[in-house]
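Report on the structure given below.
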Amino acid sequence: MMVVLCAGGSLGLFSWTAYITYTDLVRHAQIDPERQIWIRSMLFRILIPFARPFGAVFGIWADRLERKEVETGEKSMFLSMRARVRRSLISAGSPEGVTPDEYFGIVVITSAVGLLAGGLCFGLLSWRGLAGLGGTVWLMLASIGILFPLFWLRDKLKRRKLQITKALPYSLDLLTLGVEAGMDFTAALARIIQKLGDQALSYELAELLRQIRMGRSRSDALRDLADRVDVAELTSVVTSLIQADELGSSLGPVLRIQAEQLRVRRSQRAEKLASEAPVKMLFPLVCFIFPTIFIMIGGIIFLKLWYKV
C-alpha cells in the first residue's frame with residue numbers, strides 16, 4: 001500500500017511540475033499583439049515564440065552573473081558578449097524587436113535545427129553508402145544554423161548604417177539652411193524629420209528631438225545619438241556640434257563645413273567602390289563567363305576537327 005501511495009504521489013508531483021513548466025514556457029513564449037504586428041518577417045514570427053523561453057533562461061543567468069560580478073569583481077565573458085549584442089541590435093535599429101536574450105535563444109534554435117537537419121541528411125546518405133558526403137552536408141547545415149543569426153545581424157547593421165550615411169549629407173544641408181534662416185535647433189530638427197519621412201536617420205533624429213524636449217541637455221542627447229547609431233560620419237558631425245555648443249559659436253558655419261566634408265567623403269567612397277569593381281568582377285568572369293565562352297568556341301572547333309567538316 002505504501003509503495004502504491006509513494007508511486008502515485010511521485011507521479012502526481014511529476015505531472016504538476018511538468019504542467020507548471022509547460023504553462024511557464026507558454027507564458028514566456030507569448031508575444032504581445034502590437035509586437036506581433038511589428039514583426040514583419042514570417043521567419044521571425046515563427047522563431048521568436050520558440051526563442052523567448054531560452055531568452056528567459058539566458059536573462060536569469062545574466063542576472064546571476066551580474067550579481068556575482070558585483071560581489072567578486074570577476075568579469076564574465078557572457079555579459080561582455082551580451083553587451084556587444086545589445087549595442088549591435090541598437091545600432092541596427094532593434095530589428096524585429098529582438099532583445100539580446102532572445103537573440104541568444106534564436107542562436108540556440110537555429111543551431112538545433114541545423115544539427116537535426118544535418119543529422120537527418122547524414123543518416124539518409126549513410127544509408128545510401130555516402131557517409132563521407134553525409135558528414136560534409138551535416139557540417140555545412142550545422143554551420144549555417146549556428147552562423148545564420150550572426151550574418152542576419154551583420155546584414156541589418158550594415159544596411160542601416162549605409163542608409164544613414166546616404167541620408168546624412170541631405171539632412172545636414174537642410175539643417176544648415178534652417179539654422180541660417182533663423183530657426184532654432186529643435187525646430188530645424190523637426191522640419192528635417194518631416195522631410196525625411198520613413199528612414200532610419202529620421203527615427204534617430206526623432207529620438208534626439210524627444211530627449212531634448214524632455215529636458216535633457218543638447219550635448220548629452222547628441223552624445224547618446226552618436227553612441228546609438230555608431231556611424232563615423234555622424235560621430236564627426238556630433239563632435240563638431242558639441243564643440244560649437246560648448247564654445248558658444250554659431251552653428252551655421254560649423255554645419256556648412258561638415259556638409260562639405262561629407263560630400264568629399266561621399267565622392268571618395270564612390271571612387272573607392274569604382275576602383276574595386278574590376279577586382280570584384282574578376283571572380284565571376286573567371287569562374288562563370290570565361291568557361292562558357294571557351295566551351296562555345298572550343299566546342300565548335302572540336303566538332304569541326306572531329307567530323308572534318
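The values are calculated or read from the model by the stated rules, or taken from the named source; none is laboratory data. Keep in mind the model is a prediction, meaning the values are calculated, not measured. Glycine gets a Cβ as well: all are built from the backbone with ideal geometry, and neighbour counts include every protein chain shown.
Among (1) of a type outside the set (D, E, K, R); (2) out of contact with any Leu (no Cβ under 6 Å at 6 or more places or on another chain); (3) not assigned by TED's automatic domain parsing to the domain that holds residue 44, there is one condition residue 148 misses while meeting the rest; what is its number?
Checking residue 148 against (1) of a type outside the set (D, E, K, R); (2) out of contact with any Leu (no Cβ under 6 Å at 6 or more places or on another chain); (3) not assigned by TED's automatic domain parsing to the domain that holds residue 44, the one that fails is (3).
Looking for whichever is surrounded by 15 or more Cβ atoms within 10 Å (Cβ to Cβ), more than 15 Å from the chain's Cα centre (by Cα) and closer than 15 Å to residue 51 by Cβ here; the options are 99, 110. Which one fits? Give the steps one after another, and end with the answer.
Details: 99 fails: more than 15 Å from the chain's Cα centre (by Cα).
Of the residues listed, the single one that is surrounded by 15 or more Cβ atoms within 10 Å (Cβ to Cβ), more than 15 Å from the chain's Cα centre (by Cα) and closer than 15 Å to residue 51 by Cβ is 110.
If the Cβ limit is 6 Å and pairs must be 6+ apart or interchain, which residue in segment 58-75 that is assigned by TED's automatic domain parsing to the domain that holds residue 107 and closer than 28 Å to residue 106 by Cα pairs with which residue that is among the charged types (D, E, K, R) and surrounded by fewer than 11 Cβ atoms within 10 Å (Cβ to Cβ)?
Pairs that qualify, where the first residue is assigned by TED's automatic domain parsing to the domain that holds residue 107 and closer than 28 Å to residue 106 by Cα and the partner is among the charged types (D, E, K, R) and surrounded by fewer than 11 Cβ atoms within 10 Å (Cβ to Cβ): there are none.
Quick grid of which residues meet (1) in contact with a helix residue (DSSP H, G or I) (Cβ under 7 Å, 6 or more places away or on another chain); (2) within 25 Å of residue 251 (Cβ to Cβ):
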| site | (1), (2) |
| --- | --- |
| 137 | yes, no |
| 150 | no, no |
| 168 | yes, yes |
| 192 | yes, yes |
| 201 | yes, yes |
| 205 | yes, yes |
